Structure formats: C-alpha cells, structure tokens
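Let me begin by presenting the structure, written as structure tokens, before commenting on it.
The values are calculated or read from the model by the stated rules, or taken from the named source; none is laboratory data. Keep in mind the model is a prediction, meaning the values are calculated, not measured. When we count neighbours, we look across all protein chains shown, and the Cβ atoms used for this are built from the backbone with ideal geometry, even at glycine.
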Amino acid sequence: MHRILQSSLTAILLVFSFSAYAQQGSIKGKIITADGDPAAYVTVGLKERATVSTTNTKGEYTFQKVRSGTYTIRVSAIGLRAAEKTVTVTEGQTSYLDFTLSESSDQLKEVVVSGNKKKYKIDAPSSSLRLDGPLLEAPQNIQVITSATLADQQITSMSDGVIRNVSGLTRLEHWGDIYTRVNTRGARAAAFRNGINLTSDWGPLTEDMSFVDHIEFVKGPSGFMMSNGEPSGIYNVVTKKPTGKDFNGEASFTLGSYDMYRSTLDLDGKLSQSGKLLYRLNLMGQSKNSHRAYEYNDRYSIAPVISYQIDDQTLVTAEYNYQHVKLSDLGSAYVFAPDGYATLPRDFTMSEPGIEPNIAKEHSLFLNMQHQLNADWKFTAQLAYIDYSQISSDIWPSSVAANGDIIRDLYNFDAALKYKFGQAFLNGRATTGSVNHRILVGLDLGSKERYYDWGQAAPLDNDTKPFNIYHPVYGAPVNGIPQFDRSKSLYLRGANNQVNQSYTGLYLQDELGFLENKIRLTLAGRYTFVQQSEYGTVTEDKKFTPRVGLSVSVDNQTAVYALYDQTFIPQIGTLRSGEQPKPVTGNNIEFGIKKDWFDGRWNTTLAAYRILKNNELSPDPTSTPAAPFSLQLGQSRTKGIEFDLRGEIFTGLNLVANYALTDSRISKETEVYGEIIPVGTKITGYAKHNANAWLSYKLQQGALKGTGISGGFSYQADRSTWSWGGAGTQEMPSYFKLDGGIFWEKDKLRLTANVFNILDKYLYSGASYGDYYYWQTEAPRNYRLSITYKF
C-alpha cells in the first residue's frame, strides 16, 4: 500500500510540475512611500481574481500565473488612502506596476502598526493550516481570533474567555485552568498547536496567551489538516514568530481580583545585521488565587523562537515552549449536593488546606522548514516533540447523603505524555488549459505515548465524622491528608495504564478554479492508518475519506460555498464491558455564504450544517477519577446554523458578534447497561442557543483622543449538561454574563481596565450524577487592570 501511495504521489507531482509552466503572464511591482522608502506589509489586491498579496520588507509584490487580460491592482491598509491602477497582462510576459503612496514612511508605520495590531479580522490562514488562499474562498466556516481581540478582552489563557469570540462554542469546566476542552457543533473540538494535533484524554495543557499570536477555529471535518480530528471541528493555536523588524518589544503588568498578579515580556528583533537571523522571546509569570478558599493557580512560561533565512528560498524556524503550573487539587472547583444545582454559596469548596501542590510541566519543541521551490511551489516540513508530566491529586466523593454528609476521597492522578510528530506538505499552483489548480499534497506521521496512575486513593472522612456541606469544617479531616507512594517511577506504576497510538496520514487535494477562479471546486481525499495499544489491547484501523467542496465568488467581496466531508477517528477510552471502543466515523454537509464589507474592513459568515456521527464516546455518569469510564453511542445527528461577524465597522469601532442554533441528538437507539437510550435524546455538552458580542470603540480626535470603551455579553439557553443525567433531574438554567471596561492609549502606552460578570450573577455549569448534582461556579464580579508599554 505504501509503495502504491508513493508511486501515485510521484506521478501526480510530475503532472502538475509540467503543467505549471503553461503560458501565462505575471504581475510584479514595488510600492514606496512619499519619501522614497519601501512600503512593507501593505495589502495588494488583484480585484478580478479576488486574491490578495502582501508586500515584503522591500515593498515588493508578485502575482503569478495570471491569464491574459486587463486587471485592477488595489493597494490598501486600514487607515491608508487606497490607490488603484490598471495593468494589461500579456501571455508569457511579466507586467510591472509600481505605486507611490501619499503617506510618508513614518505615517505608514503608524498605519501598519495600528491596522495590524488592532484589527479583529484576518484575511488569510496561517501556513500551519496548509490552505493556500484567502479565507473568503475556503469552502468551510473558518474563524480567526486575533491577538488584538485577546488583548482587548484581557484573555490570559486558552480556557479564559476565548470561546465568546466564535459562534456555538461551549467549554466543559474540567479541573479549572489546567486543561482546555472546547465543544463545537455538539462535540469536542480537536486541539491543535501550530498544525499539530495535541488532543489527549484530558489535555493538552491550556496555552498561555503570552506566546500565542492568534487562534484559528475550523468548523466541521478538517481532512486537509491530515491528523485525526473530530467531525465537529478543530482549533489551531498559532504561536508568535519573529516579524523581521529591527527591534520591537512589549511589556505588560496586570493586577486582578483574588490576588492576581501577572507580567509578560515580548521581545522581537534581529540577531544579525543582514536580517537573516531573527529571534522572538516571550516570558510570563503569574500568581492567582480563586473566589474559593485553598484554590490557586500559579504559572510561568518561557518561549524562545529563532528563525534563519538560509537563502531567498529557504527559511528554518526553531521554537521551544516551556510551561510550568503549580495549582491546588484538580477537583477543588467541583461542588456536590443532593438537592439540586446552585444550592450552596458560590465560594463553597470541598478542598482542604495542607494538600500538596499539584505540578504540571510541558516542554514543546517545533522545528519548521519552508522552501520555495519556485514561484508556484512551496515545500514545508515540520518536526515536533511534546513532553508533558503531571503529579497531582483530586478530591471526589465516595458518597453524598441526603442530609449533606459527604465522604471525600483523595485520589492521585499522575500522568506522563510523550508525543512525536513529523509532517511534510507541498502547496502549488498550476494551470491546465483554462483551469487553475491549487494543489495540496501532505504526509503526516505521529506517535502518542501516555502513562497514567490513578490507582491510589484514601478517604479524608469517615461515617463517624463526615464532611457536611451545610456545616463545613476545614483543616482537620478525621483521617488526615494521605501521602501517596511515588517511590517507583510513573513508567513502572503506570505500566498497566499505558495508552499508545501511532498514525500515518496521506492527503491530496486539488482546488480547480474556473472562469478566472470565480468558481472553485475542491476534490480531495485522505488515507489514514492507525495502530494503537490501550491497556494491553492492540488494534489497527485504516480508512480512506473523501472531501468535496464548491466555492463561488458572486463578486469580489462575496462567496457562497458547499462542502461534503468525511471523518475517521480511532478512539481511546475505557468501556465497562472491557471492549475496545470503535472508531468514530461520520460526515458533514455544510452550506454557507461569506462576505467582506466596506473594502474588507469587516466580514460576515452564515453557515448551515448537518453532521452524522457513529460510535461517539460520551462521559459515563457512574465513573470516578479512579475508574474514568465512557459510554459508546450508536449514532448522533447534529444540525445547526451559525453566524459570525468580526472587524472594524467604522473607524475606531471594532466588533465581534456571533450566534449559533445547535441541536445534537441520538439518531439511532443505543443500549447502555441494559437500558435503551431512545432516538431524540439530547447529546451532552452544548447549548441550543448561543449568542455573544464584544464591542470596542476608541475616540479618534479631541481632548480625549485615545480613550475608549469596550464591553460584551455571553448568552446560552437550553443548555445540556456535562454527562448523561437520570430521568426527572433538573435542567440547567439559561446563562447570561456581561463584561465591560475602559481603556486609554497614547503613543506606546496603553491602560486597560475590565470588569467581568458586571451583574454579579451566580454562573455555573454541571450535571446530574444519579442521586446528587455537581457543578462548578464562575467568579462573582471581578476586575483586571493592565498597563502595556511598547518599545
């Protein structure tokens, strides 16, 4: 099979290599400012083809493989006076068109900084998403959260308010700010970082925003990412890279409620005068407590990046991220009660002082090489290594009585994860007759090795002296705080709880462009081979999954699309029957319309979809930390509508707004423990109605120039719970949260102050657990104050 794939890939590349040199013209030019300096990082658009480019540091731009005819070139940036010129392309020749902007070099720098740093909208995906073309043309709902959005909302980690910025996202509160689990379209979104699938049973460790540039959310199956991913979608965290500037830096300090102290430093510059050797260094330190007693989360991170431009065609980037977290026991946020949700104070805790701190460490290394073969073909290769370790404990009740008496057990929960990845993919453009081709060919290899030890537990309380939730006493559990036996290495202790997975994925995609690329037909397929070992059982799976997409440009700023995609995901989980979980199979049908408004200042996306998913795993409500079982469902069907708006509505006013209608239910009967889960039963972990908005407005003139206000809300209605509940149990109420603040910026200084949960509502999420309920509360009204200086 591998020889056949290799031969097929070679033949395909040869065909497109020959066709790439079909006789067509190209357009090149240089853009300078009024004082003669090159205009770097300015957007250049070829209107008739609805494609865009960006000038390099020399102010140069290029459009390759342009058919003969007359075209309009438009130069623009937010805050820049746009310029347009026409150019005629002759077959087999290069046409040159230069621009001189009316702005000076200093004015342009202000425009680029303010435009790029404050925009809530990005027009093109990162290279790690592998797509070669503007987001407007992609036949899929892809939303990007920019660094400006993250800064304005004072988001500090992946699990800290990110989800309000994309339609239909919910987060299952699970062990606080250590893991991130985002749900979209009725199921968990696979977690990617720089194009690498880091999804594990509970992880990955939530990324700190200090080293994050932006976050890409891809709705629906993501075959072009090659790695195994949920049919509901993925999110891809893109880390900061060197920008090529001589020297650029930013320092920030944040104070907040519950003893939050945070500082970050971002340095970006050149290590050589030629500019071939660049660096980026991000440092962060944070100490933070909680509205619950005995709960804390202290962390720091170090993220250096070095890139080297070997020659005009080859760029190598090496990146290392280290995150260190010290926090309270993982179950400290859980609350249990027999008589319903929210029956205890928001600051109630089942934790105890004196429990040893939990420690989590993550080392990640990325090595990336990009080589421009010629004007039309680009080769990218990437290696990645992740080393994660966790020494921790978790409180969970062994019993909850009707009078509020609880016997609390303290479990150990130790983990060691070692991931290795290799990727290689080729992006290219070619022409056959009147048809343009955008080619993507990729190979993806991965190995995930995981060890767990949750086999030790000891009760803090007993029947003679239980812990009573209505009359809690802290500091003196009758059995004391247990000391777990960690004299042996985790690799020995976790030998019987070892989970390994290795996979190979081969992907081929051709986007065929018709009528000057106004109609784009995507034909693609992925072959996946997976071998995994779980608790001593070894299985192998392989499958071919197709992908078909159609995108049509109605005009230069409007595109409609349709998509059919399949998914295949081998699953890791523990069933009470002892059987190996079956792989997830499914498909997605999606239709949508995308539109840029007012020269691309802001964008809207409206999408409708239906996902069929077979063999989905769901949390087993009878499980415990020592026995984390799952249920395997027969088939589920999720359908919905999504709307997203983001960008600058007019000068100074930026807006992110979204709404999603989601309905996810069992579509084939499933038998669980002898009982039938009927068709129509709601799947866990989503909200039927989900609406969010965030608005920011800055005064552009007058005595208060640079002063602004911002604010937003999050609303969820008809929420399903974390896991399956019993018949007749309570439903969770609707959720509404209001946040807002003020800011002031002048030159290189910015002050930001936000208040969260302004209405001081009792906010929570949770589930029924048989004879009792459990939930996690969010913080009451709280604030953050940040000062940022750029140099």
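What to note about this one:
- Top-ranked residue of the stretch 446-474 - restricted to ones that are surrounded by fewer than 20 Cβ atoms within 10 Å (Cβ to Cβ), closer than 30 Å to Gln501 by Cα and in contact (Cβ under 8 Å) with a residue 60 or more places away in the chain, ranked as farthest from the chain's Cα centre (by Cα): Ala457
- Verdict on Lys240 being surrounded by fewer than 23 Cβ atoms within 10 Å (Cβ to Cβ), within 27 Å of Gly442 (Cα to Cα) and out of contact with any Gly (no Cβ under 6 Å at 6 or more places or on another chain): yes
- Unique residue being in contact with a strand residue (DSSP E or B) (Cβ under 8 Å, 6 or more places away or on another chain) and either modelled with pLDDT of 80 or more or aromatic (Phe, Trp, Tyr) (or both) when the list is Thr90, Thr51: Thr90
- Of all residues making up the stretch 413-435, the number that are surrounded by fewer than 22 Cβ atoms within 10 Å (Cβ to Cβ) and farther than 30 Å from Leu367 by Cα: 5
- Scope the stretch 514-526; condition surrounded by 18 or more Cβ atoms within 10 Å (Cβ to Cβ) and assigned to a strand (DSSP E or B); matching residues: Arg520, Thr522, Ala524, Arg526
- Residue in the stretch 421-438 that is within 30 Å of Tyr294 (Cβ to Cβ), of a type in the set (A, V, I, L, M, F, W, C) and touching a helix residue (DSSP H, G or I) at 6+ places or on another chain (Cβ under 6 Å) present: no
- Residue match in the stretch 209-216 (condition: modelled with pLDDT under 95, crowded, with 24+ Cβ neighbours inside 10 Å and not β-branched (Val, Ile, Thr)): no
- Unique residue being hydroxyl-bearing (Ser, Thr, Tyr) and surrounded by fewer than 16 Cβ atoms within 10 Å (Cβ to Cβ) when the list is Ser307, Ser301, Ser274: Ser274
- Selection from the stretch 608-640 of residues that are over 14 Å from Tyr686 (Cβ atoms) and at pLDDT 95 or above: Ala608, Arg610
- If the condition is being surrounded by fewer than 18 Cβ atoms within 10 Å (Cβ to Cβ) and either touching a Lys or Arg at 6+ places or on another chain (Cβ under 9 Å) or of a type outside the set (S, T, N, Q) (or both), then the stretch 58-73 contributes Lys58, Glu60, Thr62, Gln64, Gly69, Thr72.
- Just one residue in the set Asn603, Asn587 is part of a strand (DSSP E or B), farther than 30 Å from Leu330 by Cβ, under 23 Å from the mean Cα position of the chain (by Cα) and modelled with pLDDT of 90 or more; that residue is Asn603.
- Meets criteria (touching a strand residue (DSSP E or B) at 6+ places or on another chain (Cβ under 9 Å), part of a strand (DSSP E or B), surrounded by fewer than 19 Cβ atoms within 10 Å (Cβ to Cβ) and among the aromatic types (Phe, Trp, Tyr)) for Tyr258: no
- Whichever residue in the stretch 437-473 is part of a loop (DSSP other than H, G, I, E, B) and closer than 30 Å to Gln532 by Cα and, among such residues, is modelled with the highest pLDDT: Gln456
- Residue in the stretch 477-492 that is surrounded by fewer than 19 Cβ atoms within 10 Å (Cβ to Cβ), touching a residue at least 60 places away in the same chain (Cβ under 8 Å) and assigned to a strand (DSSP E or B) present: no
- Residue match in the stretch 133-142 (condition: within 22 Å of Phe425 (Cβ to Cβ), part of a loop (DSSP other than H, G, I, E, B) and either acidic (Asp, Glu) or at pLDDT below 90 (or both)): yes
- Of Lys705, Lys737, Lys761, all but one fail to be farther than 30 Å from Thr670 by Cα and under 23 Å from the mean Cα position of the chain (by Cα); the exception is Lys737.
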